[in-house]
Amino acid sequence: MTRRRRGTELEADIFEAVRAEITERGYAGLTYEGVAAAAGTSKTVLYRRWDTKVEMVMAAMVDVAREVLTVPDTGSLADDLRMVLARMRVRLAEVGPRTIRSLLADLPEGSTGSVIGLITTHVDEVMAPVLERARRRGELGPHPLPPRAASLPFDLARHEVFITGNMSEDTIDQIISVCVIPLWTTWTNTPESDTPEIDRHMTSSRGMTQT
């Protein structure tokens, strides 16, 4: 007899099935029928949760991001960021840039804002403990980071994968040492009153990332 699953246990199996189907068939080849069969459930169960394929895939990607982007304390800001980007590289490589581009192209008109909101929320969740630890170690100053600056490692990594299809360890090191840490160090050690007017407007209008 098949064991009846509910809630988070069932969703975990569904998300695993979604990722497996994408790996095997690509986004275009993924179907409700295939996911239901792989997860050992029914199409009705899937449709009850997600009206469209794109919503189901987005939910699976957000789910894995929670696990992948949870970073233990490595002892330094650079190593924390290196672990985040290395995990991100593995997951993006599994999905593939073509799949991600197809997914974004399939989004309903007007839904881009909600997707950006999901991404921003998870960037904040990941960066908050990383920034807090860096401040405690004295690697960053006491002043807040603008959200756009806080998301820079993700933005650069995502661009690298989408454009080149890959992100090497050397690229990760350059993103961290050449771009992110110098910018973060400058921002967090500069009082808001000393920042350019355009930057003060950016931080006040978008909110601040501070722990």
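Every number here is computed from the coordinates shown, using simple stated rules; none is lab data. Predicted model only: the values in this text are computed from it and were never measured. Cβ atoms come from the backbone with ideal geometry, glycine included; neighbour counts cover every protein chain shown.
If the chain linking R48 and E16 were pulled fully straight, counting 0.36 nm for each residue of separation and taking away their Cα-Cα distance, it would gain 9.7 nm. Using the Karplus relation 6.51 cos²θ - 1.76 cosθ + 1.60 with θ = phi - 60°, the per-residue 3J(HN,Hα) values for the stretch 70-78 come to 7, 10, x, 6, 8, x, 8, 4, 4 Hz, with x marking Gly and Pro.
Expressed as a fraction of 2.2 N^0.38 Å, the value expected for a compact globular protein of N residues, the C-alpha radius of gyration of the stretch 1-51 is 1.08.
Please arrange S168, S151 by how many other C-beta atoms lie within 10 Å of their C-beta, fewest to most. Can you show the working numbers first?
On the way: S168 11, S151 19.
If I rank by nearby Cβ atoms, fewest first, I get S168, S151.
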